[in-house]
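Taking it in order: structure first as structure tokens, then the write-up.
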Amino acid sequence: MTTVPRLTITQDNEFWFTAVREGRLEIQRCSDCGTLRHPPGPACPACRSFEWDTVESSRRGTLHSWTIIHHPKDPAFEYPLAVGLIDLDEGIRIVADIAGVDHESLELGMELEVGFAEHAHGEILPQLRKVGDAS
Ligand SMILES: [Zn+2]
């Protein structure tokens, strides 16, 4: 039985999880100054505006950092589990697990794509993959 908590969906982040379920990675953008931000939130960190819309990410980026998790093990994941922080081409970062890449071949700055995969509780979340493997 997984101990991973369920997603906490709020009126600030619902658009993001809805898009991910539909296979799109959206980035929140301030309508007043254009600053992109992630994770989603109610106010722009640059100008404090509450007005926002979204842009769709190209889902391409480079690996900023990663870690290999061995413990504690949860039945929702396979171990060792690689989790990465990716610098998206749009200029924001997201965290996701990494699939289909030998852990020994992970390198800072390597190009990755964002795909989507089912995680604990059947929830769909981003997953980092080799370029060309994402769907
Ligand atoms: Zn702003």
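In this label model, Leu7 and His103 are separated by 2.7 nm, measuring between points 7 Å along each Cα→Cβ vector. Only Cα pairs under 8 Å and 6+ residues apart enter the sum, and on that basis the relative contact order of the chain stands at 22 percent. For segment 33-135, the list of trypsin sites (Lys or Arg not before Pro) that fall in a loop by DSSP and count at most 10 other C-beta atoms within 10 angstrom reads Arg48.
Do the sum for the chain: with -39,500 (n - 2.57) for every DSSP H run of n ≥ 4, divided by all residues, what is the mean residue ellipticity at 222 nm, to the nearest 500 deg cm²/dmol?
Numbers: 1 runs with 8 residues, N = 135.
Value at 222 nm, helices only, nearest 500: -1500 deg cm²/dmol.
With r as the distance between the Cβ atoms of Asp53 and Glu118 and R0 = 35 Å, compute the FRET efficiency 1/(1 + (r/R0)^6) and round to 0.05. Efficiency, from the Cβ-Cβ distance: 0.80.
Since every read-out is calculated from the coordinates, none of them should be taken as a lab result. Just so we're clear, the structure is a prediction, and the values are computed from it rather than from any experiment. Don't worry about glycine lacking a Cβ; one is built from the backbone with ideal geometry, like all the others, and counts go over all protein chains shown.
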